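Taking it in order: structure first as structure tokens, then the write-up.
The values are calculated or read from the model by the stated rules, or taken from the named source; none is laboratory data. The model shown is predicted, which means the values in this text are computed figures rather than measured ones. Glycine also receives a Cβ, built like all others from the backbone with ideal geometry; neighbour counts cover every protein chain displayed.
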Ligand code: FES
């Protein structure tokens, strides 16, 4: 039986019923930029970095199901400009100092910025004042880098069954909080073995006493960037 197919930038991609566009593309080895999507969790659709044109309409490829005959465009100058602007806005909305961040070289936002050739902030830095939570004996939380992807919220709730994290506030006031009366991580059941420990795409949830372990050139995204992982062209492949 012939499998259903759509075209992505002119290339035919076959898919299984129920797959989203980004899942089908990933399986076919075609990279669509993303931030909040994670293969182990249902799509969230919050960052919009994965937006593509589906039959001419802008849609998030992580939440849009693939359909037979769809004409999908991802690699266009306009979409690249939009993605660059989204990344720039995320950078200026928080406090991101890549050279001093323990997650440098393993950060999806940083990798995406490189992939999209973002070389300037583009907008005025908001430089918010955000706390760091160092109350837990083994885990440090740096809220300055949060991009509100909710992956830690979902991992803690759906996998760890602990509900350690939540988002509070609305609109520009939305921010990540720790679900404890004190607001401190030490007063939750968070453990370093939790799924929530490993899903943060940026540098919010960190191990204490562990950082900068890999030299530049050998860090995870130096060895294999998210694009290389999808395209199967990493140095390890
Ligand atoms: Fe699709 Fe974030 S990756 S909206």
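Numbers at a glance
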item: Answer residue from the stretch 55-66, given it is in contact with a helix residue (DSSP H, G or I) (Cβ under 7 Å, 6 or more places away or on another chain) and more than 22 Å from residue 118 (Cβ to Cβ) and is nearest to the ligand (Cβ to nearest atom) among those; result: 64
item: Single residue of the stretch 154-172 satisfying the filter (in contact (Cβ under 8 Å) with a residue 40 or more places away in the chain and surrounded by 15 or more Cβ atoms within 10 Å (Cβ to Cβ)) that is farthest from the chain's Cα centre (by Cα); result: 156
item: Among (1) more than 15 Å from the chain's Cα centre (by Cα); (2) at pLDDT below 95; (3) surrounded by fewer than 15 Cβ atoms within 10 Å (Cβ to Cβ), the one test that residue 11 misses; result: (2)
item: Options 79, 109, 90; residue that is within 13 Å of the ligand (Cβ to nearest atom), closer than 28 Å to residue 223 by Cα, more than 17 Å from the chain's Cα centre (by Cα) and part of a helix (DSSP H, G or I); result: 79
item: Filtered residue count, the stretch 33-54, keeping only those that are at pLDDT below 95 and more than 10 Å from the ligand (Cβ to nearest atom); result: 4
item: Cβ-Cβ under 7 Å pairs, at least 6 apart or on other chains, the stretch 21-50 side in contact (Cβ under 8 Å) with a residue 12 or more places away in the chain and at positive phi, far side in a loop (DSSP other than H, G, I, E, B) and away from the ligand (no atom under 11 Å from the Cβ); result: 29/232
